[in-house]
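I have placed the structure first, in the form of structure tokens, so that the comments after it can refer back to it.
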Amino acid sequence: MYRFLVLAFALVTTQALGQRIGYVDTQLLLKKHPMYVQAQAEVERLNAQWLGEVQSLFDDAEALRGQLEAERVLLTAGMAAEREKSIGVTLDSAKARQLRYFAPEGLLFSKREELIAPIQAQVAAAIREVARRKKLDVVLDKGSNLAVVYANETLDLTNEVLQQLGF
């Protein structure tokens, strides 16, 4: 509701001041960008690979735990403690790798930024160029969290930005 009020206020203010507005769908622009599709595929590949590595370590720890529980009656206290320690090391390794790959500043985040940020910058530059050419004052993003309740299709710049990008 708050976003709707902000959008309504922005539209009323821009129209009252005689400003020209347009909108684009950045999600559509990115989906049609071949480099973005490749970058997303690479990020998804790495995600699956790293998830597999981490899950394998957790599975190893679980298997070691199951084996320990099955053999516990046959082990001395020292042997059981040694196996517990081994299980702890495996779990710690899995958790450390999970953080290294998937933490907010982890490798997956860094790789996503490395691959996708240049494409987003290219799309933003194309939007600016189309907006300048059409002498627009404001360009809204229909594909973002900002809700556009109604938009006149003549204000949609998405196809022109695709042309500016060469697609």
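Scanning for something out of contact with any helix residue (DSSP H, G or I) (no Cβ under 9 Å at 6 or more places or on another chain), at pLDDT below 95 and more than 20 Å from MET35 (Cα to Cα), does the range 108-125 turn up at least one residue?
Looking for residues that are out of contact with any helix residue (DSSP H, G or I) (no Cβ under 9 Å at 6 or more places or on another chain), at pLDDT below 95 and more than 20 Å from MET35 (Cα to Cα), one finds none in the range 108-125, hence no.
Does any residue in the range 117-133 that is of a type outside the set (Ser, Thr, Tyr) come within less than 6 Å, Cβ to Cβ, of a residue that is surrounded by fewer than 16 Cβ atoms within 10 Å (Cβ to Cβ) and in a helix (DSSP H, G or I) six or more places away or on a different chain, and which pairs are these?
Listed by first residue and then by second, the contacts come to ILE119/MET35.
Restricting to the range 45-94, count the residues that are surrounded by fewer than 12 Cβ atoms within 10 Å (Cβ to Cβ), within 39 Å of the chain's Cα centre (by Cα) and charged (D, E, K, R).
So the count comes out to 2.
What helices (runs of 4 or more DSSP H) completely inside the range 28-146 contain at least 2 residues that are closer than 30 Å to ASP156 by Cα and in contact with a His (Cβ under 9 Å, 6 or more places away or on another chain)?
Working: elements: 34-71, 77-102, 107-133.
Passing ranges, in order: 107-133.
Would you check if there is a residue in the range 6-24 being under 28 Å from the mean Cα position of the chain (by Cα), under 26 Å from VAL130 (Cα atoms), of a type in the set (Ser, Thr, Tyr) and at pLDDT below 90?
So far as the range 6-24 goes, yes, one or more of its residues are under 28 Å from the mean Cα position of the chain (by Cα), under 26 Å from VAL130 (Cα atoms), of a type in the set (Ser, Thr, Tyr) and at pLDDT below 90.
Search the range 140-167 for residues that are surrounded by fewer than 16 Cβ atoms within 10 Å (Cβ to Cβ) and among the hydrophobic types (A, V, I, L, M, F, W, C) and pair each with any residue that is outside any helix (DSSP H, G or I) and at pLDDT 90 or above when their beta-carbon atoms are under 9 Å apart and the residues are at least 6 apart or on different chains.
What qualifies is PHE167/HIS33.
Looking at the range 109-124 only, could you name the residues that are aliphatic (A, V, I, L, M) and surrounded by fewer than 17 Cβ atoms within 10 Å (Cβ to Cβ)?
Within the range 109-124, the first condition is being aliphatic (A, V, I, L, M), and the residues that meet it are 115-117, 119, 121, 123-124.
Result: ALA117, ALA121, ALA124.
Would you check if there is a residue in the range 83-91 being under 22 Å from ALA41 (Cα atoms), at pLDDT 90 or above and not small (Gly, Ala, Ser)? Explain how you work it out, then say what you get.
Taking the range 83-91 first, the residues under 22 Å from ALA41 (Cα atoms) are none.
No.
The values are calculated or read from the model by the stated rules, or taken from the named source; none is laboratory data. Quantities reported herein were computed from a predicted structural model and do not represent experimental measurements. Cβ sites come from the backbone with ideal geometry, for glycine too, and all protein chains shown count toward neighbours.
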